[in-house]
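These notes are about the structure you will find just below.
Values in this text are rule-based calculations from the coordinates and carry no lab data. The structure displayed is predicted, hence computed values, not measured ones. Here the Cβ is made from the backbone with ideal geometry for all residues, glycine too, and neighbour counts use every protein chain on show.
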Amino acid sequence: MPPDVQLAFDVKYASPAGQDQLLDLAWPAGGGTHPVVVLIHGGGWVMGDKMQHRQAIHRLAGLGYVGVSINHRLATTPENKFPAAVKDVRCALRWLRARAASYNIDPARAAIMGTSAGAHLAALTATASTSTAFDSAECPTDAPVELRAVLGYYGVYDLRLLALFPGGQVATFLGTSDPAAASLASPVVHIDATDPPFLLIHGTADNMAPSVFSQSMRDALRSGGVPATMVELPGAPHGFDVFDPMWPASTCTALAFLRVRLMP
């Protein structure tokens, strides 16, 4: 960890239905304000933890960003089914904006990135940023949800077909067989030309979420007037780290994308 990085772990940003939701932060020491990058862990919406991205937020802080890794409600109980996790992500962004001065954040320069199920949540938060369906009574709604960039790693972006398979992860996440819920939960449905640019990263050897999911999202974004780039990593499986040394093309492209979109 760089010596000029400040850390704050297990900071509560919300407590929906009495369930404390926590986040970790890493930010450059000293004055000035910095872009913020929020990371969302994977785990099929039912497992995983913000610790998954602690090394990543350290690295981001060393590069001049405020790195934030968040937890959200997991869809393991009826009350935590969709849209609980999406509401939590939106609430975390608003919490960070409201407390920007405490962590040297420039709220006008924000990005969101996620892995697997976290990529889905990141994309949905970005494409449905104006939808009141994901507002939460536990979280103020006066702070806008504004993003300059989205990075999705091996995600799923259209749940409408996958939700038809009972017993699968999507069905568990939604908690219902209602097609309207699957549509509302699909980032691809909400795309419009006001959405921020996307970078999608996917391995060709992914046997859990085939790369065609990212290909389809890229094509839909471009059709909707949204800048979208996809990096396919030959031989990469599902579940690699966001800055995994095994896949330098992924790391270099992601950091270049953030620099272009967030740095002055």
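List of remarks:
- Of all residue pairs spaced 6 or more apart or on separate chains, those with beta-carbon atoms under 7 Å, a first member in region 26-54 that is free of Cβ contacts under 8 Å to residues at least 24 places away in the same chain and a second member that is in a loop (DSSP other than H, G, I, E, B) and surrounded by 14 or more Cβ atoms within 10 Å (Cβ to Cβ) are Asp49/His41; Asp49/Asn71.
- Number of residues in region 206-235 that are surrounded by 15 or more Cβ atoms within 10 Å (Cβ to Cβ), of a type in the set (A, V, I, L, M) and either more than 23 Å from Thr194 (Cα to Cα) or without any contact (Cβ under 8 Å) to a residue 12 or more places away in the chain (or both): the value is 2.
- Scope region 73-100; condition touching a Cys at 6+ places or on another chain (Cβ under 9 Å) and either of a type in the set (D, E, K, R) or within 26 Å of Ser177 (Cα to Cα) (or both); matching residues: Lys87, Asp88, Arg90, Arg94
- Number of positions in region 238-264 that are farther than 18 Å from Leu147 by Cα, out of contact with any His (no Cβ under 8 Å at 6 or more places or on another chain) and surrounded by 14 or more Cβ atoms within 10 Å (Cβ to Cβ): 10
- Options Gly239, Gly175; residue that is touching a Pro at 6+ places or on another chain (Cβ under 7 Å), of a type outside the set (Lys, Arg) and under 25 Å from Phe82 (Cα atoms): Gly175
- When residues in region 122-146 are screened for being of a type outside the set (Phe, Trp, Tyr), outside any loop (DSSP other than H, G, I, E, B) and more than 13 Å from the chain's Cα centre (by Cα), 2 of them pass.
- Among all positions in region 190-201, there is no residue which is in contact with a His (Cβ under 8 Å, 6 or more places away or on another chain), farther than 22 Å from Glu79 by Cβ and buried (at least 22 other Cβ atoms within 10 Å of the Cβ).
- Residue in region 130-144 that is crowded, with 18+ Cβ neighbours inside 10 Å and either within 21 Å of Met230 (Cβ to Cβ) or without any contact (Cβ under 8 Å) to a residue 24 or more places away in the chain (or both) present: no
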